[in-house]
Amino acid sequence: MGVSRKEKGRVVIISAPSGCGKTTVIQRLLRRHPRFWRSVSVTTRPPRKNERDGEDYHFSARKGFFKMILGRGFLEWTRVFGYYYGTPRKPVLDKCKKGKTVILTIDVRGARKIRKTLPAVSIFILPPSLRALRARLAERKTDSHAEIKKRLRAAQKEISEAALYDYVVTNHKVEQTVKEIEAILKKC
């Protein structure tokens, strides 16, 4: 493991197209590193099967989301696939002050906004191939065929921006991806 950074907190951005395994990778990082904390985004989309409010996302009505925008409650926010997503400001800054490594799971647009306002290490996770990504999305059984096609088009756009990140890791196998990210964070 070997990731140790006790003196002060930091922000780590992890982005990947939908279906690349970023949630699984982050869950493993959190289990292995007690000083890591994952920011829970706010969204206006309805929960998927097995998602829990406050754990996977903070699910919000549009009215509440827009109220947070007006109150400067987000570090960044964006609209994706017709729904709004935002990174709540206060918990991220509070955890950094307490010396935590704060992991933000956000898309490329959100990452661009965060990097303009906060020092952050940015990591982009690639799928092994678009074919593998299509298979992973189909295996989830949460999206229609049309939705999968839309997600694959979005993935191609996101992947084209991977070079803007500090580091790029291909997720062939989850455990190896976790180790690569740990090595990155150890040297940062």
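Can you pull out the residues in the stretch 109-129 that are surrounded by 14 or more Cβ atoms within 10 Å (Cβ to Cβ) and farther than 20 Å from R28 by Cβ?
Passing the criteria: R109, G110, A111, R112, K113, I114, R115, L118, A120.
Considering only the stretch 139-156, I want to know if a residue exists there that is acidic (D, E), outside any helix (DSSP H, G or I) and either at pLDDT 90 or above or under 22 Å from L30 (Cβ atoms) (or both).
No, the stretch 139-156 has no match at all.
Which one of these is part of a loop (DSSP other than H, G, I, E, B) and among the small types (G, A, S): G86, G99, G64?
None of the other options fit; the residue is G99.
Identify all residues within the stretch 24-44 that are without any contact (Cβ under 8 Å) to a residue 60 or more places away in the chain and aliphatic (A, V, I, L, M); write none if there are none.
V40, V42
Does K22 meet the test of being within 23 Å of A154 (Cα to Cα) and basic (K, R)?
Here the answer is yes, as K22 does meet what is asked.
Considering only the stretch 102-132, state which residues are in a helix (DSSP H, G or I), closer than 27 Å to K149 by Cβ and in contact with a strand residue (DSSP E or B) (Cβ under 9 Å, 6 or more places away or on another chain).
V108, R109, G110, A111, R112 - these are the residues of the stretch 102-132 that are in a helix (DSSP H, G or I), closer than 27 Å to K149 by Cβ and in contact with a strand residue (DSSP E or B) (Cβ under 9 Å, 6 or more places away or on another chain).
Taking into account only those residues within the stretch 45-55 that are touching a strand residue (DSSP E or B) at 6+ places or on another chain (Cβ under 9 Å) and touching a residue at least 12 places away in the same chain (Cβ under 8 Å), which is surrounded by the fewest Cβ atoms within 10 Å (Cβ to Cβ)?
P46
Please give the number of the condition L137 fails out of (1) more than 28 Å from H33 (Cβ to Cβ); (2) loosely packed, with under 14 Cβ neighbours inside 10 Å; (3) in contact with a helix residue (DSSP H, G or I) (Cβ under 9 Å, 6 or more places away or on another chain).
Here L137 meets the rest and fails (2).
Can you tell me which residues in the stretch 90-108 are surrounded by fewer than 17 Cβ atoms within 10 Å (Cβ to Cβ) and on the phi < 0 side of the Ramachandran plot?
Those that are surrounded by fewer than 17 Cβ atoms within 10 Å (Cβ to Cβ) and on the phi < 0 side of the Ramachandran plot: K90, P91, L93, D94, K97, K98.
What tally of residues in the stretch 70-92 results from selecting those that are hydrophobic (A, V, I, L, M, F, W, C), more than 17 Å from the chain's Cα centre (by Cα) and modelled with pLDDT under 95?
0
With the requirement that a residue be within 17 Å of the chain's Cα centre (by Cα) and of a type in the set (D, E), what does the stretch 125-168 give you?
E158, E161, D166
Do any residues in the stretch 58-69 that are buried (at least 16 other Cβ atoms within 10 Å of the Cβ) have Cβ atoms under 8 Å from those of residues that are assigned to a helix (DSSP H, G or I), where the two are at least six apart or on different chains, and which pairs are they?
These pairs meet every condition: S60/M68.
Considering each residue of the stretch 157-178, count those that are part of a helix (DSSP H, G or I) and either among the hydrophobic types (A, V, I, L, M, F, W, C) or loosely packed, with under 15 Cβ neighbours inside 10 Å (or both), and give that number.
Looking only at that region, the number is 9.
Pick from the stretch 82-108 the residues that are in contact with a Gly (Cβ under 8 Å, 6 or more places away or on another chain) and among the charged types (D, E, K, R): which of them is nearest to R31 (Cα to Cα)?
K100
The values are calculated or read from the model by the stated rules, or taken from the named source; none is laboratory data. The structure displayed is predicted, hence computed values, not measured ones. All Cβ positions, glycine included, derive from the backbone under ideal geometry; neighbour counts span all protein chains shown.
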